[in-house]
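J.: Questions regarding the structure given below will be posed in turn.
The values are calculated or read from the model by the stated rules, or taken from the named source; none is laboratory data. These figures come from a predicted structure and were not determined experimentally. Cβ placement follows ideal geometry from the backbone for every residue including glycine, while neighbour counts extend to all protein chains displayed.
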Amino acid sequence: MKTSEFDIKHPYQATITRSERITDENTDEVRHIVLNVADATFHYIEGQSIGVLVPGPHAYGNENHFRLYSIASARQGENQDMTEISICVRRCFYIDEFSGERFPGVASNFLCDKQPGDFIQLAGPYGRHFLPPRDNTCNLLMIGVGTGIAPFRAFMKHIYEERKVWRGQVRLFYGGRTGLDLLYMNEKNGDLSQYYDQETFKAFESLSPKPHFDEPEEVEQTLKDNAEEVWNLVQDPKTFVYASGLSRLEVSMEKALTEFAGSWDAWKKLKQEMVDKGRWATLFYDDPQWTIPDDVADEVITMLKEEENLSHE
């Protein structure tokens, strides 16, 4: 992430108040980290991100390393404390494709190593397109992989705890490599499971068939298993679709929705209508250990490349 793309001139000082591992010791380390930002000028809304500044020096002479993290708290703050926010962080490592050497991810390891009482610097918040609608009769279709669940935790807290009543249908499709990788829906931290008694809420879990072999989550298959419900929601003009997570999720979604639509052209047309009306929002980030499989249809790859080119024009 290039710091030149974001305004980081006036960072906030934050204090780590809690850092809890929420995955099993036998799988990837993911931590729920609570930060206290005791500055009255710091405000955010659901769906926004904060930038973590890791002090250098770093490669290429950069003073700071910059990494975005979705805020996992509703606008009233963590546990209704407006000075506190939370983020979900997976400790990452990268393999050099030439040497095969393993390197720690700069920001994720910096954060996961921090202890309560430590200070860090934050910038932002950033982003305004990933927000829940104001109309409580709208439907929400949320699809997330890994730490991409974070903004949906904030959504759920906002619509069910702060707004109290949500009349539209809320559907969450979430993937993890193991049961404990379901993060905010696991036994240690049931922040999403508490909403199961809401009449409008339903969640669908997608697990990897072979987690110890690092195979990806079967989100695509879970979408297909519920094709009728998903497709009816997508076609409903009152449905807002949100997707967040690793880049492989984008490919899985596009494959499934292209199949539901009957053709790539049909899905492309409907998707563009949703984008134009503000009903389609995504937050994807790169997965350095994953490549597009050979069986992905050429038209899906073409569409994603076209969208990427347009976004840079």
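J.: Scanning for something modelled with pLDDT under 90, in contact with a strand residue (DSSP E or B) (Cβ under 7 Å, 6 or more places away or on another chain) and either aliphatic (A, V, I, L, M) or assigned to a strand (DSSP E or B) (or both), does segment 72-87 turn up at least one residue? It would help to see each step written out before you state the result.
T.: Here is the first cut: in segment 72-87, the ones modelled with pLDDT under 90 are 72-82.
Remaining after also requiring in contact with a strand residue (DSSP E or B) (Cβ under 7 Å, 6 or more places away or on another chain): 72-73, 77-78.
The next check asks that each one be either aliphatic (A, V, I, L, M) or assigned to a strand (DSSP E or B) (or both); those that pass are 72, 78.
Yes, segment 72-87 has at least one match.
J.: Ok, one more. If I ask for residues that are at pLDDT below 90 and buried (at least 23 other Cβ atoms within 10 Å of the Cβ), which ones from segment 122-142 would you list?
T.: Result: Pro132, single match.
J.: Take segment 52-67 and flag every residue that is touching a residue at least 24 places away in the same chain (Cβ under 8 Å) and either exposed (fewer than 13 other Cβ atoms within 10 Å of the Cβ) or under 22 Å from Thr147 (Cβ atoms) (or both).
T.: Of the residues in segment 52-67, the ones touching a residue at least 24 places away in the same chain (Cβ under 8 Å) are 52-55, 58, 62, 64-67.
Passing the criteria: Val52, Leu53, Val54, Pro55, Asn64, His65, Phe66, Arg67.
J.: Also, I was wondering about something else. Is there a residue in segment 270-279 that is of a type in the set (S, T, N, Q), in a helix (DSSP H, G or I), modelled with pLDDT of 85 or more and surrounded by fewer than 18 Cβ atoms within 10 Å (Cβ to Cβ)?
T.: Going through segment 270-279, the residues of a type in the set (S, T, N, Q) turn out to be 272.
Those still in the list that are in a helix (DSSP H, G or I) too: 272.
If we keep only those that are modelled with pLDDT of 85 or more as well, we get 272.
Applying the additional criterion that residues be surrounded by fewer than 18 Cβ atoms within 10 Å (Cβ to Cβ) yields 272.
Yes, segment 270-279 contains at least one residue that is of a type in the set (S, T, N, Q), in a helix (DSSP H, G or I), modelled with pLDDT of 85 or more and surrounded by fewer than 18 Cβ atoms within 10 Å (Cβ to Cβ).
J.: Something else now. Take Gly124 and decide whether it is in contact with a strand residue (DSSP E or B) (Cβ under 9 Å, 6 or more places away or on another chain) and either assigned to a loop (DSSP other than H, G, I, E, B) or acidic (Asp, Glu) (or both).
T.: Details: in contact with a strand residue (DSSP E or B) (Cβ under 9 Å, 6 or more places away or on another chain): yes; either assigned to a loop (DSSP other than H, G, I, E, B) or acidic (Asp, Glu) (or both): no.
Judged against the criteria, Gly124 is not a match.
J.: Give Ser108, Ser70, Ser19, Ser49 a once-over and let me know the one that is surrounded by 12 or more Cβ atoms within 10 Å (Cβ to Cβ), under 25 Å from Ile149 (Cα atoms), among the hydroxyl-bearing types (Ser, Thr, Tyr) and free of Cβ contacts under 8 Å to residues at least 60 places away in the same chain. If you could, list the steps in order and put the result at the bottom.
T.: Details: Ser70 fails: free of Cβ contacts under 8 Å to residues at least 60 places away in the same chain; Ser19 fails: free of Cβ contacts under 8 Å to residues at least 60 places away in the same chain; Ser49 fails: free of Cβ contacts under 8 Å to residues at least 60 places away in the same chain.
Result: Ser108 is the single residue among Ser108, Ser70, Ser19, Ser49 that is surrounded by 12 or more Cβ atoms within 10 Å (Cβ to Cβ), under 25 Å from Ile149 (Cα atoms), among the hydroxyl-bearing types (Ser, Thr, Tyr) and free of Cβ contacts under 8 Å to residues at least 60 places away in the same chain.
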